[in-house]
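*Asks:* Before we start, here is the structure in question, set down as structure tokens.
Taken together, the values in this text are just the output of simple stated rules run on the coordinates, not laboratory data. Everything numeric in this text was worked out from a predicted model, so none of it was measured. Here the Cβ positions follow ideal geometry from the backbone for every residue, glycine too, while neighbour counts run over all protein chains shown.
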């Protein structure tokens, strides 16, 4: 459990650094004095990509926060759907997994 907690905390710190860096870059790009449409288009595309990456990282950060809370309350590694234990192998691959493999497949089918 301690190893998972360390991994989650390290990833949380990395994501927070990434988000800070990306936010700074986006602010700098917005402050640029763009002289032509090509420059503007290039910056707009880059900003959109950065925004998408930031959104994905925010989602991962929320999942990590949830996993850390679960470690604290003793529910880490328990599937939110069937309440069986999530296999250690799955947690080693995705340490913030909320569902066992079977339930994850069910939830993915429901969301498509």
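*Asks:* Which angle from 0 to 90°, rounded to the nearest 10, does the C-alpha axis of helix 37-73 make with the longest principal axis of the chain?
*Replies:* 20
*Asks:* Something else about it: Using the alpha-carbon atoms, what tilt in degrees (0 to 90, nearest 10) does helix 2-31 show relative to the longest principal axis of the chain?
*Replies:* That helix lies at roughly 20 degrees to the long axis.
*Asks:* Separate question: Ranking 82, 103 by Cβ neighbours within 10 Å, fewest first, what do you get?
*Replies:* The most exposed by this proxy come first: 82, 103.
*Asks:* What is the helix-to-structure angle for 101-111, meaning the angle in degrees between its Cα long axis and the longest Cα principal axis of the chain, kept from 0 to 90 and rounded to the nearest 10?
*Replies:* Orientation of helix 101-111: about 50 degrees from the principal axis.
*Asks:* Please order 110, 72 by the number of other Cβ within 10 Å, starting at the fewest.
*Replies:* 110, 72
*Asks:* Sticking with this structure for a sec: Can you give the calculated 222 nm mean residue ellipticity of the chain, where each DSSP H run of n ≥ 4 adds -39,500 (n - 2.57) and the sum is split over every residue, rounded to the nearest 500 deg cm²/dmol?
*Replies:* It lands at -26000 deg cm²/dmol.
*Asks:* Okay, next question. For segment 1-31 and segment 39-112, compute the distance between their C-alpha centroids and round to whole Å.
*Replies:* If you average the Cα positions of each part, the centres end up 15 Å apart.
*Asks:* If you rank 76, 40 by fewest surrounding Cβ atoms within 10 Å, what's the result? Walk me through the numbers on the way to the answer.
*Replies:* Working: 76 21, 40 12.
Starting with the residue having the fewest Cβ neighbours, the order is 40, 76.
*Asks:* If I take R0 = 35 Å and measure r between the Cβ atoms of residue 40 and residue 13 in this structure, what FRET efficiency does the formula 1/(1 + (r/R0)^6) give, to the nearest 0.05?
*Replies:* 0.50
*Asks:* Which label belongs to the value computed from this structure, given these candidates for percent of Cα pairs over 26 Å apart: (i) 30; (ii) 15; (iii) 38?
*Replies:* (iii)
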